[in-house]
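Visitor: Mind looking over this structure? Questions follow.
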Amino acid sequence: MKVLKFGGTSVGSPERMMQVADIIAGVQGKKIVVLSAVSGTTNTLVSISDYSANDQKKEAEKVAKELHLSYHQFIKRLFSDQHYIDENIAFVDQKFQDIKNLITEEFSEQVAKMFVAQGELISTHLFTQYLTSIGKSAVLLPALDFMTLDDFAEPDLKTTRTKLEHQLAAVDQNVIITQGYIARNAAGGTDNLRRGGSDYSATIIGAVLNAEEVQIWTDIDGMHNNDPRVVQPTHPLANLSFEEASELAYFGAKVLHPHCIIPAQMHEVPVRIKNTMDPKAHGTLISAEKDTQSAIKAIAAKDHITAIKVKSNRMVMAYGFLKRVFEVFEKYRTPIDMITTSEIAVSLTIDNDEHLRQIKQEIAQYATVEIDKDQTIICIVGDLIAERKGVGSAIFEALDDIPIRMISYGGSRNNISLLVPQEYKKDSLIKLHKALFT
Ligand code: ADP
Ligand code: ASP
Ligand code: MG
């Protein structure tokens with residue numbers, strides 16, 4: 001069993017969907033095909049949801065109508081048989097009637113989740129119908145029937161496995177289509193794995209079924225050694241260890257969802273990143289294998305980071321001080337990414353600032369708190385990176401005119417992280433790239 005995930009661009013037009021059908025046909029054996037929404041759809045659904053939240057119902061309806069009409073065009077180009085055109089137009093008309101009903105409903109978090117779920121529900125229906133229309137046998141397995149979240153909105157792998165195995169027992173077809181991104185939460189409502197979550201859906205499915213391999217088909221030929229949107233030229237990496245890929249995904253390499261390597265690593269399921277636009281390209285193979293040849297593999301950057309400096313009100317950081325600080329973050333379920341300490345202070349960074357106000361208020365009862373928003377973590381990833389001679393000096397020499405706010409060195413064998421103000425991100429990535437890769 002293989003799991004093949006196709007991202008938004010890969011299913012972004014009727015022609016691309018046809019190409020996806022060809023790629024699937026070239027993969028032997030049973031496969032679960034995880035699809036994202038057609039590119040742009042989730043963003044549009046988010047804006048419909050935001051308009052609804054602000055009580056701008058007319059604007060929400062206008063945007064929904066444009067999206068609705070774009071699907072009519074999509075369907076007319078995807079199918080040649082009038083019968084399929086009529087049936088699929090009736091399907092999207094119903095979906096957009098549902099969206100219209102959601103707009104008129106009183107807005108809630110649950111309604112927001114329902115809006116953004118529609119993209120994957122539409123793309124998977126159209127694609128399954130397309131396969132049927134060209135005489136290929138396929139079945140659509142609704143993700144909401146098996147993909148399950150726990151009380152903390154994290155994937156519940158055990159329940160997901162039980163439900164998925166149960167569903168699969170009744171399936172004969174070799175091609176099983178399902179939605180990425182969407183999931184059922186602990187309260188039974190429609191939910192999701194957060195933006196870019198289809199990668200995570202694929203690796204969760206791969207892990208619970210002990211799949212042979214998970215393939216992430218996207219619009220680029222693998223994980224590159226730097227962010228191709230910022231630095232040119234970058235090049236794809238043929239191999240990465242789970243640890244390296246996990247660090248890169250978590251610290252901003254958008255090609256993978258930040259958490260998607262975790263389930264694959266836990267169950268040792270290799271993940272291959274492939275390019276839908278260039279299927280022959282090797283791509284990147286992520287596995288337990290470690291390539292010990294090159295010290296530095298890649299650089300990634302994560303924006304919108306908040307730095308928090310906590311200064312003890314006493315002259316020295318008393319025994320137990322750090323514990324008190326960390327307990328506040330634990331209470332508000334806010335992960336800390338970077339941390340550095342001095343005799344009287346500790347600096348740390350968070351990505352999720354939802355509870356920043358409460359965190360600040362609680363710590364301020366016994367310490368001074370300073371907050372810097374809009375920071376970027378630059379993460380340099382490789383094997384035994386902090387243990388190799390010369391790596392540190394090369395990094396700091398390259399960034400000698402960049403104000404580095406924090407450094408994390410030696411915490412992991414795979415990464416060195418630096419915190420810089422967001423406006424220095426581009427410059428830092430370019431300078432590091434030049435110094436470390438050319
Ligand atoms: P999909 O819709 O297939 O999930 P995404 O847009 O989420 O695709 O991810 C692919 C994009 O990630 C690429 O087009 C590229 O611009 C961006 N990206 C950022 N960092 C990297 C990197 N290190 N390697 C490859 N792609 C990257
Ligand atoms: N459609 C969702 C998003 O745009 C999930 C995904 O594409 O991975 O975030
Ligand atoms: Mg993505």
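Visitor: Let me spell out the model: positive unit charges on the Cβ of Lys and Arg, negative unit charges on the Cβ of Asp and Glu, origin at the Cα centre of the stretch 190-332. What dipole size does that give, in debye rounded to 20?
Guide: Working: 16 positive and 17 negative charges, 181 e Å.
The dipole of the stretch 190-332 has a size of about 880 debye.
Visitor: Is the C-alpha gyration tensor of the chain telling us rounded, prolate or oblate? Criteria: a/c under 1.5 is rounded; beyond that, a/b larger than b/c is prolate, otherwise oblate. Write down the numbers at each step before the final one.
Guide: Details: a/c = 1.96, a/b = 1.48, b/c = 1.33.
Prolate shape, in that a/c is at least 1.5 and a/b is the bigger ratio.
Visitor: What do you reckon, how do Lys95, Lys136 stack up by accessible area (1.4 Å probe), largest on top?
Guide: On the way: Lys95 30, Lys136 95 Å².
From most exposed to least exposed: Lys136, Lys95.
Visitor: Any idea how far the Cα center of the stretch 41-111 sits from the one of the stretch 345-407, in Å?
Guide: 42 Å
Visitor: Could you derive backbone 3J(HN,Hα) for the stretch 291-296 from the dihedral phi with the Karplus parameters 6.51, -1.76 and 1.60 (θ = phi - 60°), listing whole Hz in sequence and x where the residue is Gly or Pro?
Guide: 9, 9, 5, 9, 6, 10
Visitor: Then there's this: Return one whole number: the accessible area per residue of the stretch 1-136 in Å², for a 1.4 Å probe. Show your work: numbers first, answer last.
Guide: Numbers: 6020 Å² over 136 residues.
Each residue of the stretch 1-136 exposes 44 Å² on average to a 1.4 Å probe.
Visitor: Just how large is the dipole of the stretch 54-105 about the Cα centre, in debye to the nearest 20, putting +1 at every Lys and Arg Cβ and -1 at every Asp and Glu Cβ? Walk me through the intermediate numbers first.
Guide: Details: 8 positive and 10 negative charges, 39 e Å.
Roughly 180 debye for the stretch 54-105.
Visitor: Once Lys and Arg get +1 and Asp and Glu get -1 on their Cβ, which of Thr306, Phe242, Val255 lies farthest toward the positive end of the dipole of the stretch 237-336?
Guide: The residue sitting most towards the positive pole is Thr306.
Visitor: Over the stretch 312-438, with the other protein chains present, what is the accessible area per residue in square angstrom, probe 1.4 angstrom?
Guide: On the way: 6940 Å² over 127 residues.
That works out to 55 Å² for each residue.
Visitor: Quick check on the stretch 1-81: take the gyration tensor over C-alpha atoms, sort the square-rooted eigenvalues as a ≥ b ≥ c, and tell me if it's rounded (a/c under 1.5), prolate or oblate. Walk me through the intermediate numbers first.
Guide: Details: a/c = 4.15, a/b = 1.96, b/c = 2.12.
Oblate, because a/c is 1.5 or more while a/b does not exceed b/c.
Visitor: Under 26 Å from the Cα of Lys62, which lysines turn up, not counting those fewer than eight places away in the same chain?
Guide: Lys62 reaches Lys76, Lys95, Lys100, Lys113.
Visitor: If the reach is capped at under 12 angstrom between alpha carbons, list the aspartates and glutamates near Lys302, excluding any in the same chain fewer than eight residues apart.
Guide: Asp227, Glu247, Asp337, Asp351, Asp374
Visitor: Hey, any idea what % of the chain's accessible area is carbon plus sulfur with a 1.4 Å probe? Can you show the working numbers first?
Guide: Details: 9840 of 19930 Å².
Its accessible area is 49 percent carbon and sulfur atoms.
Visitor: Restricting the count to DSSP beta bridges whose residues both fall in the chain, what percent are antiparallel, rounded to a multiple of 5? Kindly include the intermediate steps, with their values, before the conclusion.
Guide: Working: 42 of 68 bridges.
If I count the DSSP bridges inside the chain, around 60 percent turn out antiparallel.
Visitor: If the chain between Asn43 and Thr438 were fully stretched, how many nm would it gain, using 0.36 nm times the residue separation less the Cα-Cα distance?
Guide: Details: separation 395, 0.36 × 395 = 142.20 nm, distance 3.68 nm.
Once the chain is fully extended between Asn43 and Thr438, it gains 138.5 nm.
Visitor: Let me ask something else about it. Provide the net charge surrounding Pro236, with neighbours chosen by a C-beta distance below 11 Å and charges set as Lys +1, Arg +1, Asp -1, Glu -1. Intermediate values should be presented prior to the final figure.
Guide: Values: positive: Lys274; negative: Asp221, Asp278.
Here the count lands on -1.
Visitor: List the residues whose amide H sits under 5 Å from the amide H of Ile216, counting only those 5 or more places along or on another chain, with H placed 1.01 Å from N in the peptide plane.
Guide: Lys5, Arg272, Ile273, Lys274
Visitor: Kindly express, to the nearest 10 degrees and within the range 0 to 90, the angle between helix 109-133's C-alpha long axis and the longest C-alpha principal axis of the chain.
Guide: 50 degrees
Visitor: Now for a different question. For n ≥ 4 DSSP H runs only, could you compute -39500 (n - 2.57) per run for the chain, divide by its residues and tell me the 222 nm figure to the nearest 500?
Guide: On the way: 13 runs with 173 residues, N = 438.
Roughly -12500 deg cm²/dmol at 222 nm, from the helical runs in the chain.
Visitor: Kindly express, to the nearest 10 degrees and within the range 0 to 90, the angle between helix 82-104's C-alpha long axis and the longest C-alpha principal axis of the chain.
Guide: Helix 82-104 and the main axis of the chain meet at about 50 degrees.
Visitor: Sequence gap at least 6, Cα distance under 8 Å: using those rules, report the relative contact order of the stretch 239-394 to the nearest whole percent. Intermediate values should be presented prior to the final figure.
Guide: On the way: 248 pairs, mean separation 45.3, N = 156.
RCO, the stretch 239-394: 29 percent.
Visitor: Still on this structure, I have one more. Restricting to Cα pairs below 8 Å that are 6+ residues apart, what does the relative contact order work out to for the chain? Please round to a whole percent.
Guide: 13 percent
Visitor: Just Ser347, Ser294, Ser49 to compare: in a GNM of the chain, with alpha carbon springs under 10 Å, which one fluctuates most?
Guide: So, out of Ser347, Ser294, Ser49, the one fluctuating most is Ser294.
Visitor: What is the local net charge at Val325, summed over the other residues whose Cβ is closer than 13 Å to its Cβ (Lys, Arg +1; Asp, Glu -1)? Could you put the intermediate results ahead of the total?
Guide: Details: positive: Lys309, Lys311, Lys323, Arg324, Lys331, Lys360; negative: Glu327, Glu330, Glu362.
In short, +3.
Visitor: Heads up, I need the accessible area for His355: 1.4 angstrom probe, whole protein in place, Å², nearest 10.
Guide: Surface accessible to solvent at His355 totals approximately 50 Å².
Visitor: When ranked by the protection proxy of mean other Cβ atoms within 10 Å per residue, highest first, what sequence do the peptides 81-90, 8-17 form? Walk me through the numbers on the way to the answer.
Guide: Numbers: 81-90: 13.7, 8-17: 19.8.
Sorting 81-90, 8-17 by mean packing, highest first, produces 8-17, 81-90.
Visitor: On a 0 to 90 degree scale, rounded to 10, what angle separates helix 57-78 from the longest Cα axis of the chain?
Guide: Between the helix axis and the principal axis of the chain, the angle is about 60 degrees.
Visitor: Moving on to the next point. When only Cα pairs under 8 Å and 6 or more residues apart are kept, what is the percent relative contact order across the stretch 1-122? If you can, show how the numbers build up before the last one.
Guide: On the way: 128 pairs, mean separation 36.1, N = 122.
Reported as a whole number, the value is 30 percent.
The values are calculated or read from the model by the stated rules, or taken from the named source; none is laboratory data. These numbers come from a predicted model, not from an experiment. For neighbour counting, all protein chains shown are included, and Cβ atoms are generated from backbone atoms with ideal geometry for every residue, glycine included. We work out accessible area using only protein heavy atoms, side chains counted, and drop any ligands, DNA or RNA first. Shrake-Rupley method; radii C 1.70, N 1.55, O 1.52, S 1.80 Å.
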